[in-house]
Amino acid sequence: SVDRIANARLRDRVVSAEAAAALIQPGETVAMSGFTGSGYPKAVPVELARRIEAVHAQGQPFQISLMTGASTAPELDGALAKADGIAMRMPFQSDPDARKRINEGKLDYIDIHLSHVAQHVWFGFYGEIDTAVIEVSAIREDGSLVPSTSVGNNKTWLDLARKVIIEVNEWQPAGVDGMHDIYYGTALPPHRRPIPLVNANDRIGETALRCDPDKIVAVVRTNGPDRNSPFSPIDATSEQIAAHLIDFLKHEVAKGRLPANLLPLQSGVGNIPNAVLAGLGKSGFRDLAAFTEVIQDGMLDLLRDGVLGYASCTGFALSPQANDTFKENIDFYRERIIMRTQEISNHPELVRRLGCIGMNGMIEVDLYGNVNSTHVMGSRIMNGIGGSGDFARNGFLSAFLSPSTAKNGSISAIVPMVSHVDHTEHDVSVIVTEQGLADLRGLTPRRRAQLVIDNCAHPEFRAQLQDYFDRASRESYGKHTPHLLPEALSWHQRWLDTGTMKA
Ligand code: 0RQ
């Protein structure tokens, strides 16, 4: 087969993963590729974790600050967290070992909007980047780098890092070449210009990443799969949530507020968004478009069936089965998928211009529509805000989806006051649970509260929410957004004390 490293100079820099990892020093800020389990480096982080453990065994300190696109995999976040090798992590992660350390207060984690990462690093808010470790699918003869299954922040990492380690992963399909669109027109304020993208499938950039070859200190050959975790089968709750949302979208079309083929869809990852996509496939919609961060199984199916004409993303989250389909039909998908940098896939200017429809999961929502996407009981982080805020704040409308209860019915996802706020009442259009849908647009806080109780709350918690709302409406200091302050977070405290939010 053809050598994936077509540039002779860079072929001479091929070393083992161990030798490459030895180039990373304690205290460095290391920026790696990877977005929702796709396109992350497979070998160097594992070797780095091994080296960190060896140094720790000798009683010496060794930690790095770690930045990526979004979540990665056990071979990256997991290995480095287990080795206690991460001092600071940003911007999004979902690894159980890293999460545990973050929640024990042993790992500093900074959770920011995914569209902010590149520019905040450019602005200098995170200091200098010492090393970038980037997975690619190939190196072209001219030395340009063909990304693999995610782009994330790779352009920024390659532009800013002092030294660069490239992993060339032969497992990734060679046919991804041509799927990417790397925009080099970003500048810093006050020199910014409009981004020339007006349709979700416009190409505005180049198909490969540029990198100064003098900065590339090592090239490592790998051959390993992306994380590719399977989705659970779609359950009844997810199906009901999906059905309510799809009915709503049809209603909006009937009212003339949305075109018959809707507006570009953004979908979070997880079983519920996947169920929504499956539902859309059976709903009669055609010629849909996606302008989103992540393509998961459901979107590949919609593309295959022609329900979705094309999709723009920055990464994938596929089951092993869907990944096989993707690889086998790469020529088909390359015509229909455009992978962008995450500063473009999530750009507020573009999300606003295109009028995206955001559909994301949540932990809890309060009576007035404030949404918590990240923290259990106000303090324990689950994953992070990811791109949900980029789309909720800037899209045409934003829907937040969740079962009405969690933890075997002991927790109500509808609470008097959220214990942490990621999306304020001003950025949330629609709430959906398996009970029903609350369309909060154009409603005052008190009317929103009644609708959320009536349409979305679980029957086991409805009377208790109504009682809180009625008493707050009578006794609250202000009657615009009624609250009983000593009680507003008492449901969470009760769960911590007794194991249930039920009074
Ligand atoms: O925990 O596995 O320990 O039981 O949260 O919940 O119901 O499986 O739902 O996988 O869709 O995740 C908000 C976390 C939902 C996700 C969140 C517990 C529940 C379970 C997962 P266990 P489910 P999902 C694009 C968009 C933010 C990022 C985002 C998320 C676990 O959607 O991370 O939107 N969103 N990115 O038990 C206590 C509650 C709970 C609760 C759920 N009210 N109280 N625990 N859980 N609700 C993608 C990117 O940006 C990259």
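A short reminder: the numbers here are calculations on the coordinates, not readings from a lab. Just so we're clear, the structure is a prediction, and the values are computed from it rather than from any experiment. Quick reminder, even Gly has a Cβ in these numbers, built from the backbone with ideal geometry, and neighbours come from all protein chains shown.
Highest average first, the peptides 308-316, 5-13 ordered by how many other beta carbon atoms sit within 10 Å of their residues are 308-316, 5-13.
Note on region 108-179 and region 271-334: Cα centroid distance 24 Å, given to the nearest whole angstrom. Using Cβ point charges alone (K and R +1, D and E -1), the dipole size of region 218-258 about the Cα centre works out to roughly 240 debye. Taking the average, over residues, of other Cβ atoms within 10 Å as the packing measure, peptides 171-184, 59-72 rank 59-72, 171-184 from highest down.
Think of each Lys and Arg Cβ as +1 and each Asp and Glu Cβ as -1; about the Cα centre, that makes the dipole of region 438-503 roughly 240 debye.
Local charge for D159 was computed over the other residues whose Cβ lies under 12 Å away, with Lys and Arg +1 and Asp and Glu -1, and equals +2.
Taking only DSSP H segments of four or more residues, each worth -39500 (n - 2.57), what value at 222 nm results for the chain once the sum is divided by all its residues, to the nearest 500 deg cm²/dmol?
Value at 222 nm, helices only, nearest 500: -8500 deg cm²/dmol.
What shape does region 198-317 take by its C-alpha gyration tensor, where a ≥ b ≥ c are the square roots of the eigenvalues and a/c under 1.5 counts as rounded, a/b above b/c as prolate, and the rest as oblate? Oblate, because a/c is 1.5 or more while a/b does not exceed b/c.
Fully extended, how many nm does the chain gain between K407 and Q119 (0.36 nm per residue separation, minus their Cα-Cα distance)?
99.9 nm
Applying 0.36 nm per residue to the separation of L485 and L188 and subtracting their alpha-carbon distance, the gain on full extension is 102.6 nm. With the simple spin-label model, which puts each label point 7 Å out from Cα in the Cβ direction, the T222 to K250 separation comes to 4.5 nm. Between the beta carbons of H56 and R162, assuming R0 = 25 Å, the FRET efficiency works out to 0.50 to the nearest 0.05.
Annotation: peptides 414-421, 437-444, ranked by per-residue average of other Cβ atoms within 10 Å with the highest first, follow the order 414-421, 437-444. Summarising the label geometry, the points placed 7 Å from Cα in the beta-carbon direction at R304 and S476 lie 4.9 nm from one another. When only alpha carbons are used to place a centre, region 42-56 and region 383-419 end up 36 Å from one another.
How much of the DSSP beta bridge set in the chain is antiparallel, as a percent to the nearest 5?
Roughly 25 percent of the DSSP beta bridges within the chain come out antiparallel.
Dipole of region 348-471 computed with +1 at Lys/Arg Cβ and -1 at Asp/Glu Cβ about the Cα centre; of H458, V365, H423, farthest Cα towards the positive end is H423.
A dipole drawn for the chain from +1 and -1 charges on Cβ atoms has a positive end, and of T156, V168, I134 the residue lying farthest that way is T156. With 0.36 nm allotted per residue and the present C-alpha distance subtracted, the D331-Q466 stretch has 43.1 nm of extension available. Once the dipole of the chain is set up with Lys and Arg at +1 and Asp and Glu at -1 on Cβ about the Cα centre, which of A449, L265, N383 lies farthest towards its positive end? My answer, from the dipole projection, is A449. Projected label points at S16 and N199, each 7 Å from Cα along the beta carbon direction, are separated by 5.2 nanometres. For region 158-229, a simple Cβ point-charge model (Lys and Arg +1, Asp and Glu -1, everything else neutral) yields a dipole of about 300 debye relative to the Cα centre. The overall shape of region 1-49 is oblate: from the C-alpha gyration tensor, with semi-axes ordered a ≥ b ≥ c, the ratio a/c is 1.5 or greater and a/b is no larger than b/c. A viscosity of 1.306 mPa s and a temperature of 10 °C, combined with the Kirkwood radius over C-alpha pairs in the Stokes-Einstein formula, give the chain a diffusion coefficient of 68 µm²/s. The calculated FRET efficiency for Q450 paired with Q493, based on their beta-carbon distance and R0 = 25 Å, is about 0.50.
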